[in-house]
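Only one structure is covered here, and it is reproduced in the block below.
The values are calculated or read from the model by the stated rules, or taken from the named source; none is laboratory data. If you're wondering where the values come from, they're calculated on a predicted model, not measured in any experiment. Here Cβ is always computed from backbone atoms with ideal geometry, including for glycine, and neighbour counts include all displayed protein chains. Side chains included, ligands, DNA and RNA excluded: accessible areas come from the protein's heavy atoms. Shrake-Rupley method; radii C 1.70, N 1.55, O 1.52, S 1.80 Å.
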Amino acid sequence: MKIKKEKCLIVANWKMNPVSSKLAKQNFSSIKKVANKMRNVETVVCPPFVYLESLKSTGHRCVIGSQDLFFQPEGSYTGEISFLQLKNMGIKYSIIGHSERRNPTHGEGETDELINLKIRASLKGMITPIVCVGEKTRDEKGDYLSFLKTQIEKAFADLPKNSIKDVVVAYEPIWAIGKDAKRDATPKEVFEISIFIKKVISDIYNTKSVPPTKILYGGSVNEKNIVDFYKESGIDGFLIGRASLDPKKFAEILKRVEEIK
Ligand code: PGA
């Protein structure tokens, strides 16, 4: 499960799209064609659960992941999909704690405690958790930093030090995500937050060394801004929503990153 440091990890979050299995297969197969040629990019496509089985891919440069998982292995949990079911299907990545699932108005209202249980279950199933953190708004005083710090501390609660290399953290400021985004984050802001996240993790484990946790950025990333983000923010990859729904756009994103390396 060790993540190769040198590759850029690009995760497509399809959210609740597309509307049919036929479309999902078409989109995935055109993405796969391009992604499998990339030497410097590792691609993970996270479709809705209903399409996972039909998109199972054998290549190792382009794999599928889930958008969530449940922390109990099996039992009376109506509507949930367990980490063990996903593990047994061969799933290697799962997004956990996306802001849309944390949101009580159109998601599940997931708490930091529930997210921590899901992260621990994911690791137990040898599934790399892609843990989303991010503030709703920014303020002059820097309260958003303490908000982020708490999210990270709660996500990592009780995780043994030797598992921090197996966790991916995706910084997704809510103000920069989706079609209602207020503005794009700047590569400098992303750079600063990635340092901040690493510092918080080092502090949790009381170590001076830089944690091996991969940091991704997500929020209105597209084929036009990805090169600047990748070159200037020092991050390890991206979590991409809207621009991953159009296979042509997404292929362009992969190619642009491939060319930088
Ligand atoms: P976006 O979404 O790329 O459409 O802004 C990112 C996300 O919510 O993961």
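Side notes on the structure shown:
- Full-stretch length increase - I195, T78 - with 0.36 nm per residue and alpha-carbon distance subtracted: 38.1 nm
- Computed Rg/Rh of the stretch 2-46, alpha carbon atoms with Kirkwood Rh: 1.04
- Averaging Cα coordinates gives a centre for the stretch 23-70 and one for the stretch 201-261; these two points are 17 Å apart.
- Using a probe of 1.4 angstrom and keeping all protein chains present, the accessible surface of the chain works out to 49 square angstrom per residue.
- Evaluated over the Cα positions of the stretch 132-255, the convex hull gives a direction-averaged projected area, one quarter of its surface, of 8.0 nm².
- The length gained by stretching the chain between K182 and E6 to full extension, at 0.36 nm per residue less their Cα-Cα distance, is 60.1 nm.
- Along the chain, counting only GluC sites (Glu not before Pro) with a DSSP assignment other than H, G, I, E or B and at most 11 other Cβ atoms inside a 10 Å radius, the longest segment between sites is 141-261.
- Taking the Kirkwood radius as Rh and the Cα radius of gyration as Rg, the stretch 29-86 has a ratio of Rg/Rh equal to 1.07.
- Between the beta carbons of T207 and K154, assuming R0 = 22 Å, the FRET efficiency works out to 0.70 to the nearest 0.05.
- Charged side chains reduced to their Cβ positions (Lys and Arg at +1, Asp and Glu at -1) give the chain a dipole of some 1060 debye around its Cα centre.
- Here's how it looks for F70: its modeled amide H is under 5 Å from those of I81, S82, F83, which are all 5 or more places away or on a different chain.
- For the stretch 96-166, the square roots a ≥ b ≥ c of the C-alpha gyration tensor eigenvalues yield an a/c of 1.5 or more together with a/b not exceeding b/c, which makes the shape oblate.
- Label point distance in nm, N36-K141, each placed 7 Å from Cα along Cα→Cβ: 5.5 nm
- Stokes-Einstein D for the stretch 199-261, Kirkwood Rh over Cα pairs, 25 °C, 0.890 mPa s (µm²/s): 188 µm²/s
- Estimated purely from DSSP H runs of n ≥ 4, each contributing -39500 (n - 2.57), the mean residue ellipticity at 222 nm for the chain is -11500 deg cm²/dmol once divided by its residues.
- Spin-label model distance (nm) - K161 vs N88, 7 Å beyond Cα toward Cβ: 3.6 nm
- 3J(HN,Hα) couplings calculated from phi for the stretch 90-99 with the Karplus curve 6.51 cos²θ - 1.76 cosθ + 1.60 (θ = phi - 60°) are, in sequence order, x, 6, 10, 9, 9, 6, 9, x, 4, 4 Hz; Gly and Pro show x.
- Shape metrics for the chain, restricted to C-alpha atoms - Rg then Dmax, Å: 17.1, 50
- Our coupling estimate for the stretch 250-255, obtained by passing each phi through the Karplus curve with A = 6.51, B = -1.76, C = 1.60 and θ = phi - 60°, is 5, 4, 5, 4, 4, 5 Hz, Gly and Pro reported as x.
- Amide H to amide H distances under 5 Å link N103 with E108, G109, E110, where only residues 5 or more positions off or on other chains count and H is placed in the peptide plane.
- Its Cα gyration tensor gives the stretch 1-150 an equivalent ellipsoid; the semi-axes, largest first and in whole Å, are 26, 20, 16.
- Vicinal HN-Hα couplings computed from phi for the stretch 202-209 (Karplus, 6.51 cos²θ - 1.76 cosθ + 1.60; Hz; Gly/Pro x): 4, 5, 4, 9, 6, 10, 8, 7
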